[in-house]
Every structure is written in C-alpha cells, then in structure tokens.
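Here is the structure we will look at.
The values are calculated or read from the model by the stated rules, or taken from the named source; none is laboratory data. Since this is a predicted model, take the numbers as computed values, not measurements. Using ideal geometry, Cβ is built from the backbone for each residue, glycine included, and neighbour counts are taken over all protein chains shown.
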Amino acid sequence: MDTRTVLAGAAAGSMLMFMLDPNNGRRRRALVRDKVVRAGRKSREGLDATARDVANRAAGVAATARNRWSHDYADEPTLAARVRSKLGRASSHPRAIEVDVHFDEVTLSGPVLAWEADDILSAVRGVKGVDAVHDQLHRHDTADGVPALQGQGRAAGSATDILENNWSPATRAMVGLTLLAGLCMALGAARRAA
C-alpha cells in the first residue's frame, strides 16, 4: 500500500466523521453549504461586473475609433468643456487656468506651476476640435505667494488602470488570464523539456 493512499484515506475518513458527527454535524454541514452558496453568489457577481466592465470598455474603444475619423464641428461651449476636462489630468490646479475659446482656437491664461506648463499645452493641443492654442500662462516655480496655486492640488495623471492600486474588473481578468497563459506555457515547456 502506498503512503499517499493511506494518508488520503485517513483524511477522507476524518472529514466524513467531522461532517457526519451526530452532535455538531448538522451545524457544520449548514456552514459549509452557506459558504458554498456565498462563494457561488460572489463569483456570479464578480463575473457579471467583469462582463459589464469589458462591454463598457469595448463600447468606449468603438466610440473613440468612430470619433477619430469623424469631423464633427463643436461649438465654443462644447470645446471649452472638452479643454476643461483635459486640464484636470494635466494640471494640479485646473481651476486657476482660464479657458477662452474663439472658433477653434483656445487661449489659456492664469497661473500654473512651471513644470506643468508643457503637459498642459500638450493636453489641450490633443483635444479634438482644437486647431490652435495660445499660451498666456503665467509660470511659477513654486506656489508660494500665488493664491490660486495654494492647497493640495493634484493632477489626476495617467488613465492607465494597471498602475492604480485598485484595479477594475476587466484589468483583473486580463492580468489573471495573462498569468494563467504564462503558467500554461511554462508547464508545456517543462513537459517538452522532460
């Protein structure tokens, strides 16, 4: 008789005795059943959230692709709103920047930190519908003495999800699938080598 077989049989017998105990077995079985039901519900909710997230991201990618090749005209308030939304990712104090739109030309003015100015201008140039950006920004090396730059301002930064602390369901699924594929390839390579 193999040692593994004996240990496996002893473990199975102990588990059966533990679960079929006349005194506490019913409670233990109910706890196990409840945990299995909860795990199934949580798995279903996680899969639903991942499916919704992937569908929403796919719709966003499709909309972005459609908009790349469309030449729709944006009125001045719409263009100003687009610029304002981009400023939140490029500037730590976006409210300090004044945005003036005339047709498809944008004029930026107001105080900014000097090290953010190039990122701000680059972000605004990338806004759809903006043909020219006029730079009237007042650059400051520090926020000292500039009321509009006071406080704990923080630029939103990159929208890259993989760099965040809390990943979206789609990112978790992609990382998990990538790791699983890597593990399968490593196992396949080990089998071929043996």
Some residue of the range 172-190 being farther than 30 Å from ASP53 by Cα, in a helix (DSSP H, G or I) and touching a residue at least 24 places away in the same chain (Cβ under 8 Å):
no
Among the residues of the range 148-194, write down those that are modelled with pLDDT of 90 or more and among the β-branched types (Val, Ile, Thr).
THR178
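Just name the residue that is modelled with the lowest pLDDT out of those in the range 44-65 that are of a type in the set (Lys, Arg) and within 15 Å of THR171 (Cα to Cα).
First pass over the range 44-65, keeping only residues of a type in the set (Lys, Arg): 44, 52, 57.
Then keep just the ones that are within 15 Å of THR171 (Cα to Cα); that gives 52, 57.
Details: ARG52: 93, ARG57: 90.
Filtering the range 44-65 for residues that are of a type in the set (Lys, Arg) and within 15 Å of THR171 (Cα to Cα), the one modelled with the lowest pLDDT comes out as ARG57.
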Those residues that are closer than 16 Å to THR78 by Cα, out of contact with any Lys or Arg (no Cβ under 8 Å at 6 or more places or on another chain) and not in a strand (DSSP E or B), I need them from the range 98-129; list them, please.
PHE103, ASP104, ARG125
If a residue must be over 47 Å from the mean Cα position of the chain (by Cα) and in a helix (DSSP H, G or I), how many such residues does the range 18-30 contain?
0
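Every residue, every condition in (1) closer than 28 Å to ASN67 by Cα; (2) of a type outside the set (D, E, K, R), yes or no:
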residue: SER109; (1), (2): no, yes
residue: ALA114; (1), (2): no, yes
residue: ILE120; (1), (2): yes, yes
residue: LYS128; (1), (2): yes, no
residue: VAL133; (1), (2): yes, yes
residue: GLN136; (1), (2): no, yes
residue: GLY145; (1), (2): no, yes
residue: ALA148; (1), (2): no, yes
For the condition assigned to a helix (DSSP H, G or I), within 18 Å of the chain's Cα centre (by Cα), touching a residue at least 60 places away in the same chain (Cβ under 8 Å) and not assigned by TED's automatic domain parsing to the domain that holds ASP131, what is the one hit in VAL54, VAL61?
VAL54
Qualifying residue in the range 71-86 (condition: surrounded by 11 or more Cβ atoms within 10 Å (Cβ to Cβ), modelled with pLDDT under 85 and not basic (Lys, Arg)):
yes
Looking at (1) surrounded by 10 or more Cβ atoms within 10 Å (Cβ to Cβ); (2) free of Cβ contacts under 8 Å to residues at least 40 places away in the same chain; (3) not aromatic (Phe, Trp, Tyr), which one does THR3 not meet, given that it meets all the others?
(1)
Selection from the range 25-62 of residues surrounded by 11 or more Cβ atoms within 10 Å (Cβ to Cβ) and polar (S, T, N, Q) yields THR50, ASN56
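Condition test on SER91, is it surrounded by 15 or more Cβ atoms within 10 Å (Cβ to Cβ) and either free of Cβ contacts under 8 Å to residues at least 12 places away in the same chain or polar (S, T, N, Q) (or both)? First the steps, then the outcome.
Numbers: surrounded by 15 or more Cβ atoms within 10 Å (Cβ to Cβ): yes; either free of Cβ contacts under 8 Å to residues at least 12 places away in the same chain or polar (S, T, N, Q) (or both): yes.
Yes; evaluated as a whole, the condition is true for this residue.
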